[in-house]
Every structure is written in structure tokens, then in C-alpha cells.
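The structure appears below as C-alpha cells.
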Amino acid sequence: MLHPARAQCPYCGVGCGLELKPAAVIADAAAPGGSDPWTVRGDRQHPSSLGQVCVKGATVGETLHHNRLTTPLFRERIDQPLRPISWDEALSRVVAQMQQVLADRGPAGLAMYGSGQFLIEDYYLAQKLFKGALGSNNFDANSRLCMSSAVSGYARSLGSDGPPCCYDDFDSCDTVVLIGTNTADCHPVLFQRLLKRKRRQKEALQLIVIDPRHTATADVADLHLAIQPGTDLVLLHGIGHLLLQRGQFDAALIAASTEGYEELAALLEGWTPERVCALCGIEEQQLQALATLWGRSRALLSLWSMGVNQSVEGTATVSGIINLHLLTGQIGRPGAGPFSLTGQPNAMGGREAGGLAPLLPGYRFVADAAHRAELEHHWGLAAGAIAAEPGFDVWRQIEAMERGELGLWWVAATNPLVSLPSLDRVRAAVARCPLVVLSEAYAGSETEAVAHLVLPAAQWSEKAGVMTNSERRVTLCAAFRPAPGQARPDWAVFAEIGRRLGHPQAFRYGSSAEVYAEFAAITAGRICDHSGLSHRLLAEHGPQQWPFPAGTAPGGGQPRLHTEGRFPTGSGRARLIAEQPLGLGEPPDAAYPLVLTVGRYLGHWHTMTRTAHVERVRKQHPEPLLEVHPGDADRHGLEDGAWARISSRRGSLTAKVLVTDRIRPGTVFLPMHWGAAQANACEANRLMHALACPISHQPELKAAAVKLESAQP
Ligand code: SF4
């Protein structure tokens with residue numbers, strides 16, 4: 001008997017609620033390639049989305065059967081075909097290789113690259129396995145590519161990770177600054193919420209968009225600043241300069257709740273409007289208008305995503321945004337705050353579970369001896385079992401493979417052979433690793449092409465577990481369909497490996513609810529406190545926001561953080577950070593005179609393992625298009641619909657040209673979705689460099705120097 005089920009959408013970090021109902025005729029529900037009997041609609045009871053849903057969420061039911069992996073597969077060498085093997089043989093091979101690597105190279109020879117598609121239970125057991133049982137902190141996740149600069153920026157400026165805002169702030173703000181985010185395409189339901197309010201209360205809500213492209217988000221902006229790529233921090237400092245010059249700052253909050261004002265004020269002094277506008281490529285009147293809107297706003301919300309985070313100065317830019325909020329008192333109250341929009345559905349939960357190389361569960365840090373001791377105690381490990389050094393982030397994992405230092409690289413629920421920068425270098429590095437394991441739901445991904453061992457994964461809808469969305473709201477995702485064939489949940493695979501490695505008690509779990517209960521208990525007293533939550537409470541009372549300490553009544557989570565003007569830094573004061581802008585990691589020059597920026601289309605999700613199978617989305621976005629400004633197209637002899645060769649220092653590819661004035665001169669745009677396995681392959685990230693923010697280690701996937709030539713298809 002199948003029952004209606006509720007879950008958080010498995011695509012973006014908005015984390016909309018979905019209601020899933022069995023269709024009238026239930027036939028062969030788990031058959032790969034069969035028609036899916038489940039229908040999807042927005043869950044009106046979910047407080048984050050109130051029944052709204054976008055094309056991706058609405059069509060997710062069409063993606064669940066296509067192209068599924070149903071049995072473990074193995075090959076000794078990459079030039080051989082994959083052949084089916086049993087789970088017992090697959091797990092024995094993983095354990096044997098782990099033991100061999102530990103004996104030969106030590107824990108640093110093992111690494112895992114996980115995913116914001118994980119449930120918290122998957123994330124948590126991956127940390128317990130790698131950072132605990134194996135003593136290797138080399139766990140990183142694809143959230144590294146998405147929002148690690150937001151994590152670093154929040155921690156550095158406010159003392160801890162954790163977006164301080166909530167979606168209700170969309171209804172109480174009077175100004176929204178969208179910087180480096182195409183919210184219309186990448187967080188559609190939130191954008192629609194803003195748009196509806198804008199239509200209802202045109203003058204009561206001012207929308208400002210800062211983006212080199214004239215995106216669908218910019219279409220509705222009261223003010224669009226198409227700045228030069230790489231000048232976000234310059235612009236923020238320019239706003240700060242004008243606010244201080246005009247006396248539009250919150251002296252009481254600065255005095256009572258911040259430190260570093262003198263240094264920041266001295267730095268902002270030098271960022272005059274003339275200097276800022278020359279670098280940003282905007283009119284002074286635009287900068288003045290933006291500063292005026294910021295200065296007079298009663299409640300201002302800033303939203304950002306990868307346009308800010310994917311930069312060599314990603315952390316500095318996040319701190320630059322937070323500086324302005326602290327200077328003007330736009331934080332800790334309804335409608336006001338710096339709000340990072342997370343890319344993936346559970347990247348937030350991953351942060352809470354310690355799912356990045358320098359982190360431990362419960363917003364703890366590997367580098368903090370007290371935090372390591374707490375986890376060693378919780379996990380029943382000997383003192384010193386958790387290594388003191390942060391592990392390799394994903395690019396350091398690639399570099400370690402280049403040096404031949406990794407003996408096992410385990411990729412789970414992600415497709416790095418499309419999403420990482422400098423893909424030719426990635427392919428060459430991975431080829432040096434003796435055992436590449438891929439835990440994946442779908443067959444035929446670009447990463448499968450480099451894997452020796454493929455483990456079929458039960459995905460969202462087939463395993464119960466918890467996700468946290470961008471407003472810190474925790475949703476229980478029900479298991480409402482059987483997994484196909486022999487596919488297993490990642491958390492169950494990690495637990496089995498832990499038991500086989502000699503930890504039978506520590507990894508004995510009867511259900512994912514038990515895994516979550518253990519995780520929730522160790523967050524007690526931390527900012528991301530889940531200790532009052534359980535699968536049962538979430539099933540009975542619906543999604544809840546953290547912090548949610550034990551004893552909290554349902555609905556009693558905290559919608560906003562830092563409401564008292566105290567921050568979890570040593571001094572209790574937030575830090576104003578004074579940093580000079582650096583610009584792009586690879587600025588354009590005579591040889592490569594244009595800047596390539598990459599991004600997303602509304603209907604497609606990341607590397608298309610799901611959305612390539614949705615007819616409606618395929619029709620909506622049939623092919624990748626290279627957006628070129630008419631002036632640049634003229635100079636290169638390119639017409640709309642013609643083909644161009646686009647080259648960077650790392651390689652070249654051809655793409656069909658879309659001539660449009662929606663991109664600023666000197667900049668071109670490609671979508672990042674079409675990997676080598678797609679019929680219209682267009683590996684945009686092959687062209688991108690791997691330079692990264694030195695603090696967050698998030699690569700600058702948003703900008704690389706390129707040149708254009710006309711080409712044949
Ligand atoms: Fe899913 Fe994001 Fe669309 Fe909501 S906005 S339905 S979370 S993809």
C-alpha cells in the first residue's frame with residue numbers, strides 16, 4: 001500500500017516542500033526505465049515554500065527511473081568494460097584497498113568527495129568513517145564549489161557559519177541587493193516570492209541587481225549595475241565610502257557590537273567614487289543611487305550565491321557584504337541581513353554535519369583541539385585519533401592524485417568530471433589513482449568513465465533522511481519508493497564499511513533515524529543545535545528551523561540569528577574586515593582578451609544526470625549557447641547562430657553563438673551543464689582555471705581569460 005509522502009525538493013537550496021502522491025495505477029514502481037507512478041506538487045504545508053514549486057521540482061518524478069544503476073560494477077583497468085559483481089565483493093575490495101593504503105601511505109592516502117545531494121545521515125556517517133575510523137580528514141564535498149566562501153565569510157566576520165536570516169525577511173525588507181546571483185533561474189521560488197511582492201507593492205520594495213549579465217533577475221530590477229567581472233569588492237567598498245562620508249551608519253551598533261572599525265574606515269577612505277566607477281565600469285550616478293538606497297533603507301536584505309563565492313577573493317567579498325550590514329545596523333532584525341543562498345538542497349546540512357575538509361560535525365573545526373576531543377569522546381575513539389591537520393579540499397585531492405599520493409578516491413553523489421575546473425588536468429590526475437570508487441544513482445555519468453568500482457546508490461525518494469535548506473529549516477524526506485535492483489543508501493554503505501574495518505558497535509544502526517539521533521545529540525549547545533529534533537518529531541510536526549535545542553516546542557526554532565547584537569566571536573563582537581580588492585585570478589590580456597563566465601539555465605540542474613531525461617526541460621533548453629555582446633560579435637565576425645571556437649590557456653571548444661546585449665562587452669557566457677557524455681557536449685569548465693580563494697579554497701569558476709574565433713560546428 002503506497003501512501004502520500006512529503007519531502008524537501010532534491011534540487012536547489014531553496015528547499016521547497018514537495019507533496020508526492022501515487023497515481024491511480026501503480027505498476028512496477030521500481031522498474032528502471034519504467035514510467036513513474038508518483039505525481040509531484042508543491043506542499044502547501046511547508047513553511048519555506050507554501051506550495052510553490054519550479055519546473056525542476058515539478059518534474060522530479062520523471063527523473064527517478066531513468067538510467068539507474070542497479071548492481072555494483074567493477075573493472076581492473078579503465079580501458080576495460082565494467083562488469084557486475086556482488087555487493088560483498090565490492091565492499092571487500094574497498095576495505096582491502098583502504099587497509100593496504102593505510103599500511104603503505106597512512107590515512108592521507110585516502111580521500112572522499114561527497115555531495116550537497118547527501119542527506120545529513122549520509123554526510124554524518126562519511127565524517128565518522130573518514131575523520132573518525134580512518135583518521136583521514138580528506139573528506140570534501142561539492143559544496144566547496146558552491147558556497148565555501150560564504151562559510152568562511154560568515155565564520156570570519158560573525159564568528160560562526162549560519163545564515164542569520166529567514167525567508168519571511170523577503171516580506172518585511174524594503175530593499176533587496178542581489179549580488180552575484182541569478183535568483184530568477186537558480187532559486188526560482190524565492191525569486192517569485194520577491195516578484196509577487198514587487199508587483200503588489202511596487203514602491204515599497206526596491207530591487208538592486210549587481211551582475212555583469214542582464215539576467216532574468218535583472219529584468220525586474222529598479223537598478224542594475226553590470227559591473228566588470230571581479231570588481232564586486234571594489235563596488236562594496238565604494239558603497240561603504242559613500243555611507244561613511246554621508247554619515248549614514250549605525251554608530252551605536254558599531255560601538256557596542258563590532259571591532260575593526262578604525263581599520264575599515266581608513267581603507268574605505270581610499271575607495272572614492274571616481275576610482276570605484278572606473279574599475280567597475282559603471283556611471284558614478286549608479287553608484288550614488290545604490291549608496292542612497294542602502295543608506296535610507298529601513299530593512300535591507302542582501303542575497304548572494306556563486307557569483308560572489310566562486311572567486312579568488314570570495315571570502316573577502318562575503319566579508320565586504322557583511323561589513324556594510326554591520327556598518328548600517330542591517331542585521332539581526334526582520335527584513336535585514338546578509339543572506340547566502342545555498343546551491344544544493346542539503347549543502348547547509350553538510351556544513352552542520354562537518355562535510356568539508358576543515359570541519360567536524362556540529363560546526364566544529366578540525367584545527368580546534370577541544371572540538372577534536374569532543375568528537376573522539378562521542379565516537380568512542382582514543383585521544384588523538386582525529387588528525388589535527390585539516391584534510392585536502394577537492395582541488396588538493398586532485399593535486400595529491402597528480403603526485404601519485406592517493407591510493408583510493410571515493411566520489412559519492414556528484415559528477416566532478418563536469419563540475420571541477422580545468423577538466424583535462426583533472427582527468428590526467430584521476431588516471432593516476434589505483435582505485436576510483438563512484439557511489440552514484442545514475443548510469444553513464446562522466447565520472448563513471450574514470451571509475452574502477454561503481455556502487456549503485458539509493459537516492460532521494462528511496463531512503464529516509466533529513467535535509468536543511470538555506471533558511472536553516474530542517475525537513476524529513478520520506479522514503480516513498482523502493483530502490484531499484486540492489487541500490488543501497490550511502491549511509492548504509494558507509495556503516496557497512498565501518499563495521500568491516502573493525503568497528504562493529506560504532507557503526508551498528510538499525511535505521512537512518514538512529515543515525516540522525518546520534519548526529520542531533522552531538523550538536524547540543526552548538527549554534528546549529530538539532531538536539532530537540534528527531535525523524536519522529538519532523539514527521540509529526542513538519543519542518544523546523546534550527547537552533548532547536550532539546551525541549552523546544554514544535555515551531556519554536558529561531559528564525560533569525562544575532563538578534564541581541566552579540567556574536568560568537570571571542571569578544572562577542574562581530575569583526576569588520578578591512579581588505580584591499582585583488583581582482584580576477586586570471587585577468588584578460590592581449591592574448592586572451594575576453595572574460596568567460598559560466599552559469600546555469602533555469603530548467604537544468606548542474607551536470608544533467610537527472611534533468612537531461614525530462615522532455616519538458618530538454619525542449620526548454622535544447623542546447624548550450626555562447627552569449628556574446630553585439631560589439632564583440634562584430635569584432636570577431638560572428639553572427640547569431642554561427643559557431644565559435646572559444647579558447648583559454650587550458651583548451652578550447654566550439655559552441656553556437658547567441659548575440660545579445662544582455663551580456664556586457666568584453667564578457668562572454670556559457671552554461672556549465674553539458675558534460676562530455678551529453679549529445680551536445682560543451683565542457684565549459686574545461687576552460688576554467690583552478691585558482692581559488694586562499695581562505696575558502698573555493699575555485700574561481702566564474703571567470704577565466706579567453707579568446708574567440710569563428711569556427712565550424
Ligand atoms: Fe526545487 Fe529549488 Fe525549484 Fe524549489 S526552487 S522546486 S527547491 S529547484
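Read-outs throughout are calculated quantities, based only on the coordinates presented, and are distinct from any laboratory measurement. All values reported here derive from a predicted model rather than from experimental measurement. For neighbour counting, all protein chains shown are included, and Cβ atoms are generated from backbone atoms with ideal geometry for every residue, glycine included.
Sparsely packed loop sites in segment 491-523 (the GluC sites (Glu not before Pro) outside DSSP H, G, I, E and B with at most 13 other Cβ atoms within 10 Å) do not occur. Here the dipole of segment 594-711 is about 340 debye; that uses its Cα centre as origin and unit charges on the Cβ of Lys and Arg (positive) and Asp and Glu (negative).
For LYS707, a cut-off of 27 angstrom between C-alpha atoms picks up these lysines, skipping any fewer than 8 places away in its own chain: LYS656. Only Lys, Arg, Asp and Glu carry charge here, each on its Cβ (+1 for the first two, -1 for the last two); on that basis segment 148-340 has a dipole of about 660 debye about its Cα centre. Under 5 Å between amide hydrogens, built in the peptide plane, is the criterion, and for ARG664 it picks out HIS214 among residues at least 5 positions away or on other chains.
Positive end of the dipole of segment 173-324, charges at C-beta (+1 Lys, Arg; -1 Asp, Glu), about the Cα centre: which of GLY180, LEU300, GLN248 has its Cα farthest in that direction? So the residue furthest toward the plus end is LEU300. When the Cα positions of LEU576, GLN344, ALA443 are compared along the charge dipole of the chain, ALA443 comes out farthest toward the positive end, with charges on each C-beta of Lys, Arg, Asp and Glu.
From the Cα gyration tensor of segment 594-711, with a ≥ b ≥ c the square roots of its eigenvalues, which class applies: rounded if a/c is under 1.5, or else prolate if a/b is larger than b/c, or else oblate? Taking the square roots of the gyration eigenvalues as a ≥ b ≥ c, segment 594-711 is oblate. Filter the GluC sites (Glu not before Pro) in segment 586-669 to those in DSSP coil with at most 14 other Cβ atoms within 10 Å of their Cβ, and list the result. Passing sites in segment 586-669 are GLU639. Pairs exceeding a 25 Å alpha-carbon distance, out of LYS202/LYS619; LYS21/LYS56; LYS202/LYS702; LYS196/LYS702: LYS202/LYS619; LYS202/LYS702; LYS196/LYS702.
Cα gyration tensor of segment 148-340, axes a ≥ b ≥ c as square roots of the eigenvalues: rounded (a/c below 1.5), prolate (a/b > b/c) or oblate? The shape class here is rounded.
With the convex hull drawn around the C-alpha atoms of segment 111-179, the volume per residue stands at 127 Å³.
Loop only per DSSP, at most 13 neighbouring Cβ atoms within 10 Å: give me the trypsin sites (Lys or Arg not before Pro) in segment 477-557, ordered by residue number.
When the trypsin sites (Lys or Arg not before Pro) of segment 477-557 are filtered for loop state and at most 13 Cβ neighbours within 10 Å, ARG508 remain.
Among THR667, THR414, a tally of other beta-carbon atoms within 10 Å of each Cβ gives an order, fewest to most, of THR667, THR414. Measuring nothing but how far apart in sequence close Cα pairs (under 8 Å, 6+ apart) lie, relative to its length, segment 148-340 scores a relative contact order of 35 percent. Dipole magnitude for the chain: about 1060 debye, using +1 per Lys or Arg Cβ and -1 per Asp or Glu Cβ, origin at the Cα centre. Shape class of the chain from the alpha-carbon gyration tensor: rounded, with the ratio a/c of largest to smallest axis under 1.5.
Shown for THR292, THR552: other C-beta atoms within 10 Å of each C-beta, ranked fewest to most, produce the order THR292, THR552. Farthest toward the positive end of the dipole of segment 148-340, out of VAL276, LEU233, LEU194, is the Cα of LEU194, where the dipole comes from beta carbon charges about the Cα centre. Under 5 Å from the amide H of ALA299 lie the amide H atoms of ASP174, THR175, each residue being 5 or more positions distant or on a separate chain, with H modelled from the backbone and absent for Pro and chain starts.
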